[in-house]
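All of the numbers you see were taken from the coordinates with simple rules; none came from a lab. Keep in mind the model is a prediction, meaning the values are calculated, not measured. Here Cβ is always computed from backbone atoms with ideal geometry, including for glycine, and neighbour counts include all displayed protein chains.
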């Protein structure tokens, strides 16, 4: 117990000594600092008003510098890049957009009922609940390519639709997509059923985040004129964080279920896959296989339906950003016609040849931020990088070294301050007398008697002639801080010597006493 108290006392003593060292170093820093105006605040002998003035100037400069620095930091965090036209853009390989045809009703109802009652009904319960037989049978109950597409033409040449349009099983049911490279012409295809048409970049994965550009119905001829807009980001932007540049480079983030190059659509798909695995402990059958999750069986499909809103909620996928290299196809002109029933289908072509590309580059980088901070701090405070080192030096290294090197001096200074008697307190209510006593007490053993007489003359007024203190005491008004004379003094006419005649009966202007 005694040892613990001893350690505690030593700790308190060291803390007190270190505090005294910090106070001393603070005074030294203020006296020798290179910051503008700081030395005048702690300089001995300067008037208090001047110290306060320099303190106000320094405080105003500090606050102004901090406000400007915070605005620059906010700009660096929110808008450090700029997007503009790329002038160094001559030749490019034009990739025709991916075209997806999604029938509104993708299933043949007759085939579906026949498959359910004739095939699944004969399975045992353990087999019927499995998803694999169900997935293997989907192509048999879905609409075939020949039932959807009739005639296709690409680059002004006919081709077999079902050899180029490949079936895919997605969140939008079964669709057929086409990936091609075009240099001049367009894509024309005729349909047999009502369908939605999607046009997007071949770099993206088709998913729920896409909306159809065209909804085709029987008897219509639809012309879709598109334009291509490509945006890329310079490698210099890698110095910024993802939240600052608001995009992700293709090799910057590796997804678990989509190991290819990063895209926004693949990130959104993986996010929905994770939500499904988290809520239903299984993977929807229209996603690619995963090593750490199995496909949902027939019974578990009801779980997917129950949590459909939670699985597809976009707020859970806020970490997904657009790719730094992004191609967007916009519809510039859309025309629908039903005048010629024999001429029906969908035509997708470029309105103009792609000649525009955008570039995202750094507008305000780390070097610009450092230069701006240094300029503002130097302008308002005279602060530099070495000034920061100086502050750290005074309050860390120098303060600690003084504790060990000049420990005895610090102890003596602390004891001297503690043993210093408090200043005397005057309890008198007469402030005028207190001020007089203060004035006299400031004179330490005066050797010149003439100085004391001068002070006494200043404190005591000269009494006027014919002044009777006994008769005039009752006539005095309350003391208001100025000299009083009896009224009789001013009413009695007196002749001044040297004016008028000798007997003192003649009067001149201005001879009255004041």
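Brief remarks on what is shown
- Distance in nm between pseudo-label sites at residue 256 and residue 218 (7 Å out along the Cβ direction from Cα): 4.7
- More than 17 Å apart - percent of Cα-Cα pairs taken over segment 255-319: 37
- Dimensions in Å of segment 286-389 - Rg and Dmax from alpha carbons: 27.9, 83
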